[in-house]
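The values are calculated or read from the model by the stated rules, or taken from the named source; none is laboratory data. Not measured: the values here are computed from a predicted model. Reconstructed Cβ throughout: ideal geometry from the backbone, glycine too, with neighbour counts over all protein chains shown. Accessible surface areas use protein heavy atoms only, side chains included; no ligands, DNA or RNA. Shrake-Rupley method; radii C 1.70, N 1.55, O 1.52, S 1.80 Å.
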Amino acid sequence: MKIPFLDIGATYRELKPEIDEAVARVLSSGWYILGPEVEAFEAEWAEYCDAGHAVGLANGMDALILALRALEIGPDHEVIVPSNTYIATWLAVSEVGATPVPVEPDPATHNIDPTRIEKAITPRTRAILPVHLYGQPADLDPILDIAHRHDLRVVEDAAQAHGARYKGKRIGVHGDIVCWSFYPGKNLGAFGDAGAVTTNDAALAEKVAVLRNYGSRRKYVNEVQGVNSRLDPIHAAVLRVKLASLDRWTDRRRKVAKIYSKALKSTNLILPHVPDWADPVWHLYVVRSQIREQLESRLTSEGVGTLIHYPIPPHMQDAYSYMGLAPESLPLAQRLASEVISLPISPHLAEKDVNAIADILSDRT
């Protein structure tokens, strides 16, 4: 048995004729920077997210950075971030000169705990940056309420949440601006790095669009100090093809998650918890175990690929050693990092393989 954690090439094989045609269309067009293909994807992605505007960017981290810059967040400011997240969330805050202020997760959902946010607010706080981790929405209503009462902006990291819904509404415009990654392994992935933001604020979208293009709307006229972070037309064309299959692929992921949850409910694993108001898209299926290393070793020996998201929390990375945060200062993030393990889940994972993985885990737990 050989079950990879993720077969990235499967989406290409499924849609090969359509993708090949889309790439050939771009190559034949002679338009290789921004242009009609990017504009078409931006319009389609905005519509999918029920958003007024989308701006295509080079990658997901740039989406976070440029969103923060567009909101004029920088040195001497603080941004509240989850303690349990991929480090890019923190790095984006640092990149604009602001300070990330970590808040612990809800241990059931692993997303930022809204009840802990208010205590972290100081006069320097300018924004809250929730992450929709593993493809499950964070609890946005209390976050938005806190932001409104304290005059803060909300920047959502939706890098893993393409198509997820919060209380029936698709993720895309709950906060001031939503940041997306189309990294190849995402539910909607390009053939390399790619990203975007969505928002209902036209002025904010325009600021990001200017920042991504050297600070320019018109060639050789630079209004601000921008960067080069433009979505590649080839990636845009591929994303347009894949977007048409995204909901269908999400349904397949939900079936895999349902099989896991039913088969593993009698084990000692702590399974994902989905609140009534959440409609996740199952970018990851993450379980917890105090014997994680044994499970990982057993699955590996049986030919099953797994990953750990994430083995070292941001506050324990050398990159943030200057903050002087001890492991026990954020105990929930530390505990999750020592217990979580992600099982294979994708639209192309065969049901027999899902059942085989569940059988292995049931036998060991």
Segments 255-267, 15-27, 151-163 sorted - mean Cβ within 10 Å per residue, highest first
151-163, 255-267, 15-27
Report the relative contact order of region 113-247, percent, no decimals, based on alpha-carbon pairs under 8 angstrom and at least 6 residues apart.
16 percent
Please compute one quarter of the surface area of the Cα convex hull for region 1-154 and express it in square nanometres.
12.5 nm²
Assigning unit charges at the beta carbon (Lys, Arg +1; Asp, Glu -1) and nothing else, what dipole magnitude in debye, to the nearest 20, does region 260-365 show about its Cα centre?
160 debye
If the elastic network links every pair of Cα atoms under 10 Å, which of Gly185, Gly60, Gly195 fluctuates the most in the Gaussian network model of the chain?
Gly185
Under 19 Å from the 7 Å Cα→Cβ point of Lys255, by amide nitrogen: which residues of region 327-357?
344-357
For region 99-164, what is the accessible area per residue in Å² when the probe is 1.4 Å?
34 Å²
Ranking Val304, Ala92, Ser338 by how far each Cα lies towards the positive end of the charge dipole of the chain (+1 on Lys and Arg Cβ, -1 on Asp and Glu Cβ), the top one is Val304
Taking 8 Å as the Cα distance limit and 6 or more residues as the minimum spacing, I'd like the relative contact order of the chain as a percentage.
22 percent
Taking only protein heavy atoms into account and a 1.4 Å probe, give the accessible area per residue of region 294-342 in Å².
48 Å²
Taking Cα pairs closer than 8 Å and at least 6 residues apart, the relative contact order of region 1-127 in percent is 18 percent
Top mean-square fluctuation among Asp247, Asp106, Asp276, Gaussian network model of the chain, C-alpha springs under 10 Å?
Asp276
With every protein chain left in place, what is the accessible area per residue of region 216-259 in square angstrom, probe 1.4 Å?
57 Å²
With r as the distance between the Cβ atoms of Ser94 and Asn228 and R0 = 22 Å, compute the FRET efficiency 1/(1 + (r/R0)^6) and round to 0.05.
0.60
What distance in nm separates the two pseudo spin-label positions at His150 and Gln317, each 7 Å out from Cα along the beta-carbon direction?
2.3 nm
Set Lys and Arg Cβ to +1 and Asp and Glu Cβ to -1, take the dipole of the chain about its Cα centre, and tell me which of Ser245, Phe41, Val81 lies farthest positive.
Ser245
If I model a spin label as a point 7 Å beyond the Cα along the Cα-Cβ vector, how far apart are those points for Asp359 and Glu328 in nm?
4.6 nm
Assuming 0.36 nm per residue, please report the length gained on full extension of the stretch Glu72 to Tyr220 beyond their Cα-Cα distance.
50.9 nm
Over 21 Å (Cα to Cα) - which of Lys262/Lys352; Lys219/Lys242; Lys2/Lys352 fall in this group
Lys219/Lys242
Cα gyration tensor shape of region 275-323, rounded if a/c is under 1.5, else prolate or oblate by comparing a/b with b/c:
oblate
Between Ala40 and Asp20, what is 0.36 nm times their sequence separation minus the Cα-Cα distance? Round to one decimal in nm.
5.4 nm
Taking protein heavy atoms only, a 1.4 Å probe, and rounding to whole percent, the accessible area of the chain owed to carbon and sulfur comes out at 51 percent
Per the Debye formula with a single identical scatterer at each Cα and no solvent contribution, what log10 I(q)/I(0) holds for the chain at q = 0.07, 0.08, 0.13 Å⁻¹?
-0.30, -0.40, -1.05
Pseudo-spin-label distance Ala263 to Ala203, built 7 Å along Cα→Cβ, given in nm, is 5.4 nm
